[in-house]
Amino acid sequence: MPKVKVKRKSTAIDMTAMSDVTVLLLTFFMLTSTFVEPEPVQIAVPSSVSEIKIPETNVLQILVEADGRIFMGVDGPAIRVAMLRDVAEQYGYEFTDQELVNFQESAFFGVPLSQLKALLDLPLEDQEKIMVAQGTGVPIDSTANPSNEFKAWVKAARKANRDVRISIKAASNTPYSKIHLVMSSLQDIRENRYNLITTLKSVAGDF
Amino acid sequence: MAEVQQKDGGKKKGKQKKMNIRVDFTPMVDMNMLLLTFFMLCTTMSKPQTMEISMPSNDKTLTEQERDKVAASRAITIILGGEDRVYYYTGEPNYEDWTSLQETSYADDGLRAMLLGRNQEVVAKIRELKKEKIDTGMSDEEYDKRAGEIKDAKTAPIVIIKATDDSTYKNLVDALDEMHICSINKYAIVDITEGDEWLVENYEKKGELTDQIDRDQM
């Protein structure tokens, strides 16, 4: 009687198909994801129950640090340059092409216009460090109109891109007086709709 | 050309060893999965939440009084103080009686309980609508439309948020959040007036300032 031959089955599964699928998905996610521009300062935002997501493009971000310093950032290098040209013209400053290129490289800025030229002449990698360490933020003033460069920047952003959405990202321990300055400045230039960036907070109950 | 030249004659010609061309893809899949997870998490998690607010425009020729003129029976004024304190009064400020200003908190049983109590009718209707939405599979647009109608009811409270300079941004967001939670559609962030600051001060001193007023008047 011949021995019953147990057929040895290989346990190895063909992973090729699986690999195909994962590579495909990976490509999709890599292409659709956009890189978040690094922010110059860390800001701890308050939490809220709001679940609206901020759009990825056409956003003018206003970062408000706890000490009231303001940094601004726009996505799209072309818009950044257009803004700088516009504002510089209003205040009578001139920037060289190299400075414009430098300006469009960094996502956020937060210095008065009078210091911007000196900052842009520095090597690119030092700019952000110095801006955060020594910068005073974008000047904002409640009363004197000409010195309120913040308004000029926002106006320029609106001019450069009509669909821009203003979003305020402020630290949770910022005194209200600082926020009030930003809000009233925006109100003055008739920017009455804007977003406040928060993190998600879970809430008990189903309201 | 591309063939490998074999030195030892034609004996073994055509009998090349069959190489197994199958490659094990398991590590590749592992790595891909890892990267995939990373990218998926990054794209969905990094999106911050946002609150939309619209402020009344400044250039309408509204005087301070006109802007504050909302039906007294519907108005609730919330004053955000320093050190995470919050006060409220309903209707017109009553400078005579310091107890008209009440202190509450940002906790669930504080501001939220008070607002939900005032806004009972709307909250109940919104809940019904939510139930209906689940039962009938109503479209989001219609839900939003009907919710908007309910929230705009004539009896719904109007909340005026007045933040003092001592309060923080977090307080403001918390207060706005409560509006959202309590289905209050009509609210406004208004500059604080001297009268309101005085009310808070009077409250802290348990009505001592009221006596001063009376004496001044006499």
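Read-outs throughout are calculated quantities, based only on the coordinates presented, and are distinct from any laboratory measurement. This structure is a prediction, so every number in the text was calculated from the model and none was measured. Reconstructed Cβ throughout: ideal geometry from the backbone, glycine too, with neighbour counts over all protein chains shown.
With charges only on Cβ, +1 for K and R and -1 for D and E, what is the dipole size of the range A:1-90 about its Cα centre, in debye, rounded to 20? Dipole size: approximately 1340 debye. Annotation: amide H-H contacts under 5 Å for A:ALA170 (H modelled 1.01 Å from N, sequence separation of 5 or more, or interchain): A:VAL64, A:ILE197. Cross-link pairs exceeding 31 Å in C-alpha to C-alpha distance, out of A:LYS159/B:LYS130; A:LYS201/B:LYS125; A:LYS151/B:LYS170, comprise A:LYS159/B:LYS130. Ranking A:LEU200, A:ALA152, A:GLY92 by Cα position along the charge dipole of the range A:47-200, where only Lys, Arg, Asp and Glu carry charges on their C-beta atoms, puts A:LEU200 farthest toward the positive end.
Among bridges DSSP assigns within chain A, what percent are antiparallel (round to 5)? Here the share of antiparallel DSSP bridges comes out near 40 percent.
Couplings 3J(HN,Hα) of the range A:110-125, computed from phi: x, 9, x, 4, 5, 9, 5, 4, 4, 5, 6, 7, 6, x, 4, 6 Hz, in residue order, whole Hz [Karplus 6.51 cos²θ - 1.76 cosθ + 1.60, θ = phi - 60°; x for Gly and Pro]. Karplus-derived 3J(HN,Hα) values for the range B:182-194, using 6.51 cos²θ - 1.76 cosθ + 1.60 with θ = phi - 60°, are 8, 6, 9, 8, 9, 8, 9, 9, 10, 5, 6, 9, 4 Hz; glycine and proline are entered as x. For A:ARG165, the residues 5 or more places off, or on other chains, whose built amide H falls under 5 Å of its own are A:VAL59, A:LEU60. Summarising the amide proton neighbourhood of B:ALA163: residues at separation of 5 or more, or on other chains, whose placed amide H is nearer than 5 Å comprise B:LEU80, B:VAL190, B:ILE192. Calculated [222 nm] ellipticity per residue, helices only, for chain A: -13000 deg cm²/dmol; basis is -39500 (n - 2.57) per DSSP H run with n ≥ 4, divided by all residues, nearest 500.
Given +1 at the Cβ of Lys and Arg, -1 at the Cβ of Asp and Glu and no other charges, the dipole of the range A:47-200 around its Cα centre is 640 debye to the nearest 20. Modelled label positions at A:GLU56 and A:GLU89, each set 7 Å beyond Cα in the direction of Cβ, lie 3.2 nm from each other. Going by alpha carbons, how many degrees (0 to 90, nearest 10) lie between the helix axis of A:149-160 and the longest principal axis of chain A? That works out to roughly 60 degrees.
Can you give the angle from 0 to 90° between the axis of helix A:16-32 and the longest principal axis of chain A, with both taken from C-alpha atoms, to the nearest 10? Long axis of A:16-32 versus the principal axis of chain A: about 10 degrees.
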